[in-house]
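These notes concern the structure reproduced below.
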Amino acid sequence: MSQSHPFEKIHDLIGVGFGPSNLALAIALEELAETNGHALDALFIDKQSDYRWHGNTLATQSELQISFLKDLVSLRNPTSPYSFVNYLHQKQRLVDFINLGTFYPCRLEYNDYLKWAADHFASQAVYGEEVLRIEPVMDNGQVDHLRLISRDANGHEHSRGARSVVIGSGGTPKIPEVFKALRDDARVFHHSRYLSSLGQLPCAQGKPMRIAIIGSGQSAAEAFIDLNDSYPSVKVEMILRGSALKPADDSPFVNEVFAPDYTDLVFNQPTNERAKLIEEYHNTNYSVVDIDLIERIYGILYRQKVAHQFRHAVLCRRQVEAVVSNAEGIELTLRDLATQQAQTHRYDAVILATGYERRSHQTLLAPLAEHLQAFAVNRDYQCLTNHGFKAAVYLQGFCEASHGLSDTLLSVLPIRAREIGESLYQTLGKTATRPLNNAHTVKAIA
Ligand SMILES: Cc1cc2nc3c(=O)[nH]c(=O)nc-3n(C[C@H](O)[C@H](O)[C@H](O)COP(=O)(O)OP(=O)(O)OC[C@H]3O[C@@H](n4cnc5c(N)ncnc54)[C@H](O)[C@@H]3O)c2cc1C
């Protein structure tokens with residue numbers, strides 16, 4: 001528990017992470033500053049050294065899995081200067097993009113769009129600092145405000161005060177138990193480190209390698225295609241527990257679960273009904289692959305059969321039971337779930353395309369736990385708190401169980417940002433200290 005530091009600046013808001021969620025919030029706050037006649041003093045801290053959206057996974061072939069019309073702003077304000085269309089216009093690619101005839105830009109381009117938008121908020125962003133924890137600052141037995149402790153790349157700790165925080169720190173790579181002992185082995189890595197880790201391996205110099213990809217989702221499929229296309233010296237085995245690679249359901253009626261209105265529908269259900277709705281549409285997002293990628297992988301395997309040259313394989317119904325690392329490589333014991341027979345396969349590297357967990361908010365907020373109601377949130381994504389808590393804590397991307405499947409995705413960013421922004425104005429407005437003439441206006445974008 002912290003005591004108040006007499007000269008510490010207290011921000012209205014500190015956002016933890018400056019990914020698409022908090023970037024969308026920064027834009028919504030700029031709009032709300034206009035409407036409310038004053039701006040909140042908001043700062044966003046990101047541990048990356050510069051703006052990047054899943055930068056280590058940006059293989060050339062990977063595409064956005066959502067329409068570009070669901071950008072940072074358009075669902076709320078199609079006339080916003082921060083739209084993807086305006087980005088294209090500013091970059092003089094609008095006509096060319098139209099000629100592509102697609103709703104799904106490549107992720108490299110979407111990353112560039114997000115960076116372009118983030119650059120307009122450079123004065124509100126701190127890069128290269130990891131927020132370690134968020135502590136209560138007590139006054140007269142009440143939580144008066146919050147203190148964020150962060151660490152920069154040189155190991156120096158920084159402390160900042162805030163009346164509210166919005167946690168948008170995203171997912172954390174999920175490492176299956178059986179691989180945990182190999183955390184320090186550079187030959188075994190999570191897909192979130194795909195480009196940098198692969199760049200250190202001999203295949204980056206064109207040397208032959210056998211690589212296993214563990215997983216059956218979009219990331220596993222993207223890695224398969226990238227290794228096939230960009231690393232001719234690599235043989236890949238994709239290993240999955242399921243009996244087949246399955247397509248993501250993005251058909252139009254099902255896609256309505258990602259509509260902003262659907263958030264109300266989910267939130268208004270009792271807990272067990274919410275869970276059923278999320279389970280029913282699990283195959284829109286988890287352990288599924290875009291159909292065009294599935295068809296490409298199938299085509300590659302079929303052409304191998306025609307040529308009698310078997311470079312890659314997809315091993316379905318396989319459970320990884322044991323992992324041994326030695327000088328010769330990484331040995332995986334795979335149990336065939338149909339026959340129950342176990343076989344050992346040796347690889348030169350293993351890519352864990354095993355998904356992400358959403359728990360970093362619990363670590364960051366651990367010092368506040370006794371004041372929070374088990375991280376439960378209200379409709380405005382604000383954590384429910386005990387009596388005597390004057391600060392406010394919001395979560396972006398950690399509310400799937402209460403707000404539905406769109407919560408971890410890009411689908412409702414503009415609407416959620418407005419909801420959180422309005423709630424912040426309401427909550428902080430009661431004790432607002434900033435003069436009205438501090439309002440900043442929406443900047444002209446060039
Ligand atoms: C490879 C990949 C592709 C995806 N593609 C799509 C897609 O096409 N469509 C879609 O809808 N969704 C997609 N998603 C889902 C993804 O969650 C969202 O696209 C989006 O990134 C969510 O934004 P966010 O800001 O909540 O989280 P993130 O984008 O994960 O951003 C979190 C930010 O917080 C920072 N951070 C984390 N911890 C700390 C800390 N302690 N201190 C300071 N900074 C911190 C990180 O550096 C990061 O910049 C994809 C996810 C992945 C992994």
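Taken together, the values in this text are just the output of simple stated rules run on the coordinates, not laboratory data. As the structure is a prediction and not an experimental result, all values here were calculated from the model. Methodologically, a virtual Cβ is constructed for each residue, glycine included, from the backbone with ideal geometry; neighbour enumeration extends over all protein chains shown.
With an a/c value of 1.5 or above and a/b not larger than b/c for the gyration tensor axes a ≥ b ≥ c computed over the alpha-carbon atoms, the stretch 150-297 is described as oblate. Reported value for the stretch 192-264: 131 Å³ per residue, from the convex hull of its C-alpha atoms. Between the Cα long axis of helix 271-280 and the first principal axis of the chain there is an angle of about 40°, rounded to the nearest 10. The loop-placed chymotrypsin sites (Phe, Trp or Tyr not before Pro) in the stretch 314-389, going by DSSP, include none that has at most 10 neighbouring Cβ atoms within 10 Å of its Cβ. Note on T35/D261: beta-carbon distance plugged into 1/(1 + (r/R0)^6) with R0 of 22 Å gives a FRET efficiency of 0.45. Backbone geometry of the stretch 88-100 corresponds, through the Karplus equation with coefficients 6.51, -1.76 and 1.60 at θ = phi - 60°, to 3J(HN,Hα) couplings of 4, 4, 5, 8, 6, 10, 4, 4, 5, 5, 4, 5, 5 Hz, x marking Gly and Pro.
For the stretch 205-211, the Karplus equation 6.51 cos²θ - 1.76 cosθ + 1.60, evaluated at θ = phi - 60°, returns couplings of 9, x, 7, x, 8, 10, 10 Hz by residue, with Gly and Pro reported as x. Judged by the mean number of other Cβ atoms found within 10 Å, the most tightly packed of the peptides 102-109, 253-260 leads the ranking 102-109, 253-260.
Averaging 1/r across all pairs of distinct Cα atoms in the chain and inverting the result yields a Kirkwood radius of 23.8 Å.
If you run the Gaussian network model on the chain, springs between alpha carbon atoms under 10 Å, then out of A353, A220, A327 the most flexible one is A327.
Taking label points 7 Å from Cα along the Cα-to-Cβ direction, D96 and R133 give a separation of 5.0 nm.
Comparing Q396, Q142, Q218 in a Gaussian network model of the chain (Cα springs below 10 Å), the most mobile by mean-square fluctuation is Q142. Rounded to the nearest 500, the 222 nm mean residue ellipticity of the chain from helices alone is -8500 deg cm²/dmol, with -39,500 (n - 2.57) taken per DSSP H run of at least 4 residues.
The angle between the Cα long axis of helix 20-36 and the main principal axis of the chain comes to about 20°, on a 0 to 90 degree scale. Among the lysines of the stretch 1-126, pairs that are 8 or more positions apart or on different chains and have alpha carbons within less than 22 Å of each other number 5. Of the trypsin sites (Lys or Arg not before Pro) in the stretch 143-178, not one is in a loop by DSSP (not H, G, I, E or B) with at most 12 other beta carbons within 10 Å. Does anyone have the angle between helix 413-429 and the longest principal axis of the chain? Alpha-carbon axes, 0 to 90°, nearest 10? Orientation of helix 413-429: about 30 degrees from the principal axis.
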